[in-house]
There are 2 protein chains.
Amino acid sequence: MVTLKQLAKELNVSISTVSKALNNSEEIGEETVRRVKELAELYNYKPNKVALSLKNNKTKTIGVIIPNILNRFLAKVLFGIEREATKHGYNIITCISNESLEKEKEGLQLLANGSVDGFILSVAEETQMNNEIEHFKKTISQGLPIVMFDRVAHDVLCDKVIVDDFDATYNATKSLIEEGRKQIAFISNINDISVGKLRERGYNKAILETTNLEPLVLKVKKKDDHPKRIKSFFKKTKGIDGVIAADSSSGIIAINVAVGFGLKVPKDISVIGFSSKSESNHTMPKLTTIRQHAKVIGAHAAQLLINRMQNTLEDEDVKTKIVKTSLVKNKSTL
Amino acid sequence: MVTLKQLAKELNVSISTVSKALNNSEEIGEETVRRVKELAELYNYKPNKVALSLKNNKTKTIGVIIPNILNRFLAKVLFGIEREATKHGYNIITCISNESLEKEKEGLQLLANGSVDGFILSVAEETQMNNEIEHFKKTISQGLPIVMFDRVAHDVLCDKVIVDDFDATYNATKSLIEEGRKQIAFISNINDISVGKLRERGYNKAILETTNLEPLVLKVKKKDDHPKRIKSFFKKTKGIDGVIAADSSSGIIAINVAVGFGLKVPKDISVIGFSSKSESNHTMPKLTTIRQHAKVIGAHAAQLLINRMQNTLEDEDVKTKIVKTSLVKNKSTL
DNA sequence: CTGAAAGCGCTAACAC
DNA sequence: GTGTTAGCGCTTTCAG
C-alpha cells in the first residue's frame, strides 16, 4: 500500500501538502493539486483505514452478533444489515454466538476494544434462558451502543427492532378459525426463545377466546427427529384440520406429513408457517406463510445504530421499532 | 475505553512502564507490575485494536466476500470460516457480492485499504460469466492473499478449496444406473456457474458411457416458477425414474412433484439432490443427498489463508485442496 | 528498574 | 501556498 509519505517524497513536497491536496483543501495551488492527484491515481492510493480509525476514534465498522447463520431468517436480517451498512459506508464484522451465552459475551468483549463503533445483535437462546443481561449493560456503559433485533432483552435500555409475533399468530389462528377449522394445532421447535413464547401466546389467545376450541400444542426439541414427532402427534391427535407452525420448518414438515397420511391440503387441513419465500416453494401445495420482512428488520436495525452513532443521542432516549408481519396466502389454506 | 496513558497518569509512572508491565516484561519491578495489573483489571483495560493494527501493520482480520448469504451452502461455509478464524484470533469482515461483479470489485477495493490482511471468497456468478479476473490479480499483487472456495477462477494463482463436483454427480448418476433406472434426468438452476457445469458434465459422462441411456437435462432459470417448470418437464418427458438435482432446491421440488403425480418414491422414481441435512428433512421420504461438507471447506479455506498470512510463502507456491463429497443415502433412493 | 522518544499513517491547527 | 508539529494508542529501542 502506498502512503502519503511515499507520494510526498516522490513529489518533493511535504506530507501535509499531499494530504490537503487529496482532500481538496482550498489552501493548495491548482498545479500542485493536479500533480498530487495524478500520482495518487497512478499508484492507486487509498487512505489507510486503520490510521483514519485511530485518528478519528471511529472505525466505521458495526459488530454483528448473530446466534445462528444457518437460520434463514437471521441470515436474511444479516443481509439487510450488510446492505444498509454498506450504503452508509460502514463495514460489518460478524460473530456467530451459536446460541451460546459464553460465545456471545466473548464476541462482545473481543470487539469492544476499538474494533467497532457499535453492535447489532439478536440474543442467544442460552442467554435468554438464563436471563443474563449484564454483558449488554456493560458494553453500553462503555459507550458502545447496541441495537437488538427479533430476540431482544426487554430489560436492557437500547434501541430495538421487533416483530409483532403475538399479533402474527393471533391473526393467523383467527384466519383458520374463520375458515371453519375446529382442531387447530400449534407446532413449535423454538419454545425457549422469547419470540417462540410470544407466538404461542398469540395462538392461545385466539383459540381460547373462541368457544369450543381447545389448544393443541406440540413442542419439538432441537434434537428430536422432527418429522417423526410430527407424524406421531398427528396420529395421536385425531382430526387435526389446521396447523400454525412457529418456526421455519414445522410448517413444511406438517404439510408433508399430512399428505403422507392421505389428507388433501388445503381441503382437509390448512397449514400456516413462518417460512421464507423460497422455502414456501418446497411444499406442494405452496405453504401459506407469515412473512417477517427480515431484510427490512436488518435495514431498520442498521439505521437506528448508525443514527445513534452519528448523533450521540441520550442513552435513555431509545426507540423500539415494530416491523409488522404479513400473511401471504398461498395454496395451503382455503 | 481506558488507555495506557490514563493508567500511567493515575499510577504516576510512564506509559512505557505500564505497557511493559502488562506485557510481562522482565524489565519491570515486581511491585510495579502488581500495581499496574491491578489497576488495569479494575478499569477493564483492553489494548486498543486499531492502534495495534497500525503499529503491526496487521489487522488480524479476514475479508470474506460471499455471493449470497441466503444460499445455505455458502452460509455454512461462512460458519466454518468464522469458527476457524475465531480459533486463531482472527475476526471476519463480510461483504455480500450478491452475485454481482461490480459489488465484488467494490468489496475487494473497499477492504484493500488496510482493513484486512487477506481474503476468502467465492466468485460471483456475473464474474464467472464475464470471465473477469483482473481485480483478483490486482489485489494479490498488492500483497493481499486470496483463498477461493467452491466457485474458483482457475486462471488466478492462489490457494483454493474445491469440491469434487464432477465425481459427485458422476457417482450419484452411476448409483441410479445400478439401481436399474433408465430415464435419469438432470435438473439444475445453477447453469451459469462453474460448479453447475461440472456437475452436468459428471452426469453426462455417466449417462453416455452406459448403453441405451440418453441425457435428459432441465435447466431452470432463477426467475422461473421453479415447481411449475419441473412439473411440465415431468409431463413432457414420460417415464422419468431417476433425478439428479444440481442445486439445493431442485431435488426437494422434484420429490414433491413426483408425489403429486402419484408416483411412489423411491419405488417408481429415485431422487438425489445437493441439499443440506436439515433441508433433506423437508421431504417425505427424506432426500438422498450429496453432502459437500461446507463447514470443512470453510475451515480449510481459513487455514490456508492464515497459514499464508503468517508465513509469507512464495506467491507461486499455491495449494488446491479438494474436499470430497459424500453420498448420504436416505429414503428417496432404493 | 524506569522513562523518553520514535514511529505506524493520517489530519489539522498553526507557522512561515 | 506550503511546511512543521502534535497527537490518536501502542510497542520498542535506547538512555539514564
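Data overview
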{"read-out": "Test result for B:PHE186, within 18 Å of B:THR289 (Cα to Cα), assigned to a helix (DSSP H, G or I) and of a type outside the set (Asp, Glu)", "value": "no"}
{"read-out": "Hits in the stretch A:116-137 (condition: in contact (Cβ under 8 Å) with a residue 24 or more places away in the chain and open to solvent by 10 Å² or more (accessible area, probe 1.4 Å))", "value": "A:ASP117, A:GLU125, A:GLU126, A:GLN128, A:MET129, A:ASN130, A:GLU132, A:HIS135"}
{"read-out": "Residue tally, condition assigned to a loop (DSSP other than H, G, I, E, B) and open to solvent by less than 60 Å² (accessible area, probe 1.4 Å), over the stretch A:198-224", "value": "5"}
{"read-out": "Candidate set: the stretch A:39-54, residues that are crowded, with 18+ Cβ neighbours inside 10 Å and within 30 Å of A:ASN113 (Cα to Cα); chosen: the one farthest from DNA strand D (Cβ to nearest atom)", "value": "A:TYR45"}
{"read-out": "Within the stretch B:236-258, considering residues that are in a loop (DSSP other than H, G, I, E, B) and under 28 Å from the mean Cα position of the chain (by Cα), the one nearest to the other protein chains (Cβ to nearest Cβ)", "value": "B:SER249"}
{"read-out": "Residues that are open to solvent by less than 30 Å² (accessible area, probe 1.4 Å), farther than 15 Å from A:GLY298 by Cα and either among the hydrophobic types (A, V, I, L, M, F, W, C) or assigned to a strand (DSSP E or B) (or both), drawn from the stretch A:55-70", "value": "A:THR61"}
{"read-out": "Every residue from the stretch A:11-38 that is within 10 Å of DNA strand C (Cβ to nearest atom), over 45 Å from the mean Cα position of the chain (by Cα) and open to solvent by 90 Å² or more (accessible area, probe 1.4 Å)", "value": "A:GLU27"}
{"read-out": "Breaking point among (1) touching a strand residue (DSSP E or B) at 6+ places or on another chain (Cβ under 9 Å); (2) open to solvent by 10 Å² or more (accessible area, probe 1.4 Å); (3) within 12 Å of chain B (Cβ to nearest Cβ); (4) not in a loop (DSSP other than H, G, I, E, B), for A:PHE233", "value": "(3)"}
{"read-out": "Lone qualifier among B:VAL36, B:VAL18 - being modelled with pLDDT of 95 or more, more than 10 Å from DNA strand D (Cβ to nearest atom) and outside the structural domain of B:ASN91 (by TED's automatic domain parsing)", "value": "B:VAL36"}
{"read-out": "Per-region count, the stretch A:55-102, residues within 16 Å of DNA strand D (Cβ to nearest atom) and over 20 Å from B:ILE96 (Cβ atoms)", "value": "4"}
{"read-out": "Residue within the stretch A:71-79 that is within 9 Å of chain B (Cβ to nearest Cβ), assigned to a loop (DSSP other than H, G, I, E, B), aliphatic (A, V, I, L, M) and under 30 Å from A:LEU305 (Cβ atoms) present", "value": "no"}
{"read-out": "Condition check for A:VAL36: in contact (Cβ under 8 Å) with a residue 12 or more places away in the chain, within 10 Å of chain B (Cβ to nearest Cβ) and of a type in the set (Val, Ile, Thr)", "value": "no"}
{"read-out": "Test: residue in the stretch A:138-148 that is out of contact with any Ser or Thr (no Cβ under 7 Å at 6 or more places or on another chain), farther than 26 Å from A:HIS293 by Cα and surrounded by 21 or more Cβ atoms within 10 Å (Cβ to Cβ)", "value": "yes"}
{"read-out": "Flag for A:GLY107 being surrounded by fewer than 16 Cβ atoms within 10 Å (Cβ to Cβ), outside the structural domain of A:SER248 (by TED's automatic domain parsing) and more than 16 Å from DNA strand D (Cβ to nearest atom)", "value": "no"}
{"read-out": "Qualifying positions in the stretch A:175-192 - closer than 29 Å to A:MET148 by Cβ and surrounded by 20 or more Cβ atoms within 10 Å (Cβ to Cβ)", "value": "A:PHE186, A:ILE187, A:SER188, A:ASN189, A:ILE190"}
{"read-out": "Positions within the stretch A:268-326 being within 11 Å of chain B (Cβ to nearest Cβ) and of a type in the set (Lys, Arg), in sequence order", "value": "A:LYS277, A:LYS286, A:LYS295"}
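The values are calculated or read from the model by the stated rules, or taken from the named source; none is laboratory data. Just so it is clear, the model here is predicted, and its values are computed rather than measured. With ideal geometry, Cβ positions are generated from the backbone for all residues, glycine too; neighbour counts draw on all protein chains shown. All accessible areas refer to the heavy atoms of the entire protein, side chains included, with ligands and DNA or RNA removed. Shrake-Rupley method; radii C 1.70, N 1.55, O 1.52, S 1.80 Å.
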